[in-house]
Amino acid sequence: PEASVFMALLSSVSSSVATAYAVQYQTRKTVALGMYTVIEHPPGTKKSYILDIGMEPYSRAIGEHNKKVRGKLREAQEGDGSMYPHLRTAFNIATDATSAAMDKRLSDSSEGRFVIASAEQSAFMSLFPEAGTFSSNNELILKGFAGEYVAGMRGGRNAYEGTAQGSITLVAQTGSAKRV
């Protein structure tokens, strides 16, 4: 259907823009730009293909950025290490939206901005777990919509601490919006 294809592409572009730009007040507080989109698309209509078309430019650009950052970090390790101490990779697209995965990925990134783009039910179940199912909480994702402060406490693992802002584009089957 043309309307859901257009919405998926528009949401993909908007997700990319939301993670590339941030508005900041003089107090250094950022303006929340979270955009969560759930698009219903009938079964067997190439949801993943549509999503890949929309997210590919962002994924390619972030991949190139991260490659340059890793090269500079290797260069710094070979030297005295003081040349680029502030460089960190940017968050590329994730499909695993569990809090453990998000916490780990954000702790390795330069900022608290994340993008989740999926056409899979597994991401949907991670974002909106049903009561009584095995899943961690989705507090980081919920706070990412409003641009709130998050302090992950994960013993023995990296955890993200800072302001989280996110974009989610989920192309799911009919009935998804009702569940949300």
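The values are calculated or read from the model by the stated rules, or taken from the named source; none is laboratory data. Bear in mind that the values here come from a model prediction, so they are computed numbers and not experimental data. Note that we place each Cβ from the backbone using ideal geometry, even for glycine, and neighbour counts take in every protein chain shown. Surface areas here come from the heavy atoms of the whole protein model, side chains and all, with no ligands, DNA or RNA. Shrake-Rupley method; radii C 1.70, N 1.55, O 1.52, S 1.80 Å.
Would you rank Phe128, Phe91, Phe6 by solvent-accessible area, highest first, keeping every protein chain in place and using a 1.4 Å probe? Could the numbers behind the result be given before it?
Details: Phe128 65, Phe91 10, Phe6 135 Å².
Heavy-atom accessible area, descending, gives Phe6, Phe128, Phe91.
Considering the options Leu106, Thr27, Asn92, tell which one lies farthest towards the positive end of the dipole of the chain, charges being +1 on Lys and Arg and -1 on Asp and Glu at the Cβ, about the Cα centre.
Toward the positive end, the furthest listed residue is Thr27.
Based on the Cα coordinates of the stretch 1-126, what is the per residue volume of their convex hull in Å³?
Values: hull volume 15.7 nm³, N = 126.
Looking at the stretch 1-126, the number lands at 125 Å³ per residue.
Show me 66-75, 44-53, 168-177 ranked by packing, highest mean number of other Cβ atoms within 10 Å first. Don't skip to the answer; put the middle values down first.
Details: 66-75: 13.3, 44-53: 15.3, 168-177: 18.7.
Output ranking for 66-75, 44-53, 168-177: 168-177, 44-53, 66-75.
Name the most mobile residue of Val17, Val38, Val115, meaning the one with the largest mean-square fluctuation, in a Gaussian network model of the chain with Cα contacts below 10 Å.
Its mean-square fluctuation being the largest, the pick is Val17.
Take the chain, connect every pair of alpha-carbon atoms lying under 10 Å apart with a spring to form a Gaussian network, then pick out the residue of Gly152, Gly79, Gly63 with the largest mean-square fluctuation.
With Cα springs under 10 Å in the chain, the top fluctuation among Gly152, Gly79, Gly63 is at Gly79.
Give me the net charge of Asp96's neighbourhood, meaning all other residues with Cβ under 13 Å from the Cβ of Asp96; Lys, Arg count +1, Asp, Glu -1. The partial results should precede the final answer.
Details: positive: Lys104, Arg105; negative: Asp103, Glu120.
So the surrounding residues net to 0.
Along the charge dipole of the stretch 1-114, Cβ charges K/R +1 and D/E -1, which of Gly79, Pro1, Val17 sits furthest on the positive end?
Gly79
GNM, the chain, Cα, under 10 Å: largest mean-square fluctuation among Tyr25, Tyr160, Tyr149?
Tyr25
Lysines within cross-link reach of Lys29: Cα-Cα under 25 Å, excluding same-chain residues under 8 positions apart?
Lys104, Lys143
Protein chains only, probe 1.4 Å: how do His41, His65 rank by accessible area, largest first?
Numbers: His41 5, His65 80 Å².
The most accessible residue leads, giving His65, His41.
Which one, Ile50, Gly147, Val38, projects farthest toward the positive side of the charge dipole computed for the chain from Cβ point charges (K/R +1, D/E -1)?
Gly147
For the chain, return all DSSP H helices satisfying: extent of Cα atoms along own axis at least 20 Å; mean Kyte-Doolittle hydropathy at least -1.0.
Values: long enough: 2-20 (27 Å, 1.22); 47-78 (44 Å, -1.03).
Qualifying helices: 2-20.
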